[in-house]
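S.K.: My questions all concern the structure below.
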Amino acid sequence: MSCNQPSTQSNQESPETDISVIVPALNEQGNVSRLYERLTEALSKLNVKYEVIFVDDGSTDNTSSELDDIAKQYSNVKVIHLVRNFGQTAAFSAGIDHAKGQILVTLDADLQNDPKDIASLLNKLQSGFDVVSGWRKQRNDPFWTRVLPSWCANKIISFISGISLHDYGCSLKAYRRDTLAGVKLYGEMHRFIPIYAAWMGARIAEVPVTHHKRSMGSSKYGLSRSVKVILDLLTIKFLFDYGTKPSYVFGTLGLTAIALSFVSLAWALVLKYAFQTSLIKTPLPLLAVLLFTVGVQLVLMGLLAEVMVRTYHEAQGKRIYVIKDTRNI
Ligand code: UDP
Ligand code: MG
């Protein structure tokens with residue numbers, strides 16, 4: 001598929017738009033108009049039809065009016081004002097929902113990502129990938145609070161997901177529209193779209209991109225984000241691996257706990273009858289009761305989760321499989 005001639009068009013999508021650029025912005029006055037200029041400069045060289053969707057994520061400075069002014073002047077600029085601050089992931093999600101392009105490009109509003117890199121992302125996409133993620137090889141952020149925690153988070157994410165990207169947190173990414181179909185984003189999950197896509201069979205790649213120091217405004221995040229990111233990863237890993245069979249996880253843990261409770265009880269009885277140790281002199285009976293109770297609760301939680309999963313899939317008509325393609329159907 002080329003950028004100029006998209007290969008697939010669904011009914012709702014306008015045939016005129018090749019690329020939708022999605023930009024979340026929270027209190028980025030001054031940055032958004034400069035970003036728009038740089039985007040125009042970069043994209044006009046590519047000979048593609050594009051739109052830019054700014055999502056104003058509840059800004060309280062002049063970002064909103066600055067964006068409205070840009071939209072007044074340029075018809076390919078769309079602005080979505082959210083009623084309050086919902087977070088970057090929700091802002092991306094709103095942009096994706098309103099995008100008409102065959103290829104979706106996301107980037108930050110604070111000029112840390114460079115629109116010039118969009119060309120190399122698109123080239124990579126055209127060489128046969130579905131998702132191309134930017135890699136901030138020379139990251140210009142504070143070392144102790146951002147670069148180091150994010151290096152650790154990236155390693156953990158790669159380990160748990162089995163996908164090897166260097167930089168999940170880089171907002172500059174390009175996706176073929178189809179890969180985003182059915183993706184629902186929660187929490188800090190926008191960074192996991194490549195993982196999700198790869199799990200669903202998409203071909204993913206990364207290209208090194210420039211990363212500038214933030215010159216205006218301030219970062220909206222601190223250290224706590226890394227913790228949220230890891231928790232989000234556990235959620236998607238759980239949902240992907242066990243989303244249709246949660247009782248396997250709860251049940252295995254529960255049955256193990258019950259088995260350990262019997263071992264503990266047996267040991268206590270051996271101590272009592274073979275070594276004359278009174279039951280009240282060892283914590284083993286207590287441990288047996290605790291493990292048994294926890295085990296039964298876990299098994300029951302697994303059964304409840306099974307009921308919830310069935311309700312979830314059946315109420316929304318969801319399938320437990322995804323078809324790639326069919327013939328004569
Ligand atoms: N952002 C947003 N909503 C938020 C937090 C951030 O839309 O609740 C936007 C922000 O305006 C910027 C991008 O997300 O365009 C990345 O935020 P930031 O630069 O603060 O993150 P960092 O680069 O420090 O990781
Ligand atoms: Mg930034």
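S.K.: Kindly express, to the nearest 10 degrees and within the range 0 to 90, the angle between helix 224-242's C-alpha long axis and the longest C-alpha principal axis of the chain.
M.R.: In the chain, helix 224-242 runs at an angle near 70 degrees to the longest axis.
S.K.: Let me know the shape class of the stretch 19-58, please: from the alpha-carbon gyration tensor, a ≥ b ≥ c as square roots of the eigenvalues, rounded when a/c is under 1.5, otherwise prolate if a/b is greater than b/c, or oblate. Show your work: numbers first, answer last.
M.R.: Numbers: a/c = 4.65, a/b = 1.72, b/c = 2.71.
Since a/c reaches 1.5 but b/c is at least a/b, the shape of the stretch 19-58 is classed as oblate.
S.K.: May I pose another question? Ratio of Rg to Rh for the chain, alpha carbon only, Kirkwood?
M.R.: Details: Rg = 25.2 Å, Rh = 22.6 Å.
With Rg and the Kirkwood Rh in hand, the quotient comes to 1.11.
S.K.: Using +1 at the Cβ of each Lys and Arg and -1 at the Cβ of each Asp and Glu in the stretch 214-285, identify which of Ser218, Ala259, Ile236 lies farthest towards the dipole's positive end.
M.R.: Ser218
S.K.: Could you name the lysines in cross-link range of Lys245, using Cα to Cα under 16 Å and dropping any fewer than eight places away on the same chain?
M.R.: By straight Cα distance, Lys245 reaches Lys237, Lys318.
S.K.: Report ³J(HN,Hα) in whole Hz for each residue of the stretch 157-163, in order, from the Karplus equation J = 6.51 cos²θ - 1.76 cosθ + 1.60 where θ = phi - 60°; Gly and Pro get x.
M.R.: 4, 5, 4, 6, 7, x, 10
S.K.: Could you state the accessible area per residue of the stretch 55-149 in Å², with a 1.4 Å probe and every protein chain left in place?
M.R.: Details: 4250 Å² over 95 residues.
Accessible area per residue, the stretch 55-149: 45 Å².
S.K.: Separate question: Could you sort Asp68, Asp108 by their accessible area in this structure, using a 1.4 Å probe and putting the largest first?
M.R.: Values: Asp68 65, Asp108 35 Å².
Reading off the accessible areas and sorting them downward yields Asp68, Asp108.
S.K.: Summing -39500 (n - 2.57) over the DSSP H runs of n ≥ 4 in the chain and dividing by its residue number, what mean residue ellipticity at 222 nm do you reach, to the nearest 500 deg cm²/dmol? Before the final figure, lay out the partial values.
M.R.: Details: 9 runs with 147 residues, N = 329.
It lands at -15000 deg cm²/dmol.
S.K.: Computing the accessible area with a 1.4 Å probe over protein heavy atoms, can you report the carbon and sulfur percentage for the stretch 262-319? Write down the numbers at each step before the final one.
M.R.: Details: 3330 of 4470 Å².
With neighbouring chains kept in place, the figure for the stretch 262-319 is 75 percent.
S.K.: Tell me the label-point distance for the pair Ser127, Ser65, using the 7 Å Cα-to-Cβ offset, in nm and rounded to one decimal.
M.R.: 4.7 nm
S.K.: Quick one: angle between helix 63-73 and the longest Cα principal axis of the chain, in degrees between 0 and 90, rounded to 10, please.
M.R.: That works out to roughly 40 degrees.
S.K.: Which entries in the list Lys184/Lys228; Lys49/Lys213; Lys72/Lys173; Lys116/Lys213 go over 19 Å, if you measure between the two C-alpha atoms of each? All intermediate terms of the calculation are to be shown ahead of the outcome.
M.R.: On the way: Lys184/Lys228 17 Å; Lys49/Lys213 30 Å; Lys72/Lys173 27 Å; Lys116/Lys213 16 Å.
Going by Cα-Cα distance, Lys49/Lys213; Lys72/Lys173 fall outside the 19 Å limit.
S.K.: Right, another one. For the stretch 141-227, state which trypsin sites (Lys or Arg not before Pro) are in a DSSP loop and have at most 16 other beta carbons lying within 10 Å of their beta carbon. Could you put the intermediate results ahead of the total?
M.R.: On the way: sites: Arg146, Lys155, Lys173, Arg176, Arg177, Lys184, Arg191, Arg203, Lys213, Arg214, Lys220, Arg225; in loops: Lys184, Arg203, Lys213, Arg214, Lys220.
Loop-located and lightly packed - Lys184, Arg203, Lys213, Arg214, Lys220.
S.K.: Counting only protein heavy atoms and a 1.4 Å probe, tell me what percentage of the stretch 124-202's accessible area is made up of carbon and sulfur.
M.R.: On the way: 2150 of 3640 Å².
The nonpolar share, carbon plus sulfur, comes to 59 percent.
S.K.: Could you rank Arg38, Arg319 by how accessible they are, 1.4 Å probe, largest area first? Could you put the intermediate results ahead of the total?
M.R.: Numbers: Arg38 90, Arg319 155 Å².
Largest accessible area first, the residues go Arg319, Arg38.
The values are calculated or read from the model by the stated rules, or taken from the named source; none is laboratory data. Predicted model only: the values in this text are computed from it and were never measured. Note that each Cβ is placed from the backbone with ideal geometry, even for glycine, and that neighbours are counted across all protein chains shown. For accessibility, only protein heavy atoms count, side chains too; no ligands or nucleic acids. Shrake-Rupley method; radii C 1.70, N 1.55, O 1.52, S 1.80 Å.
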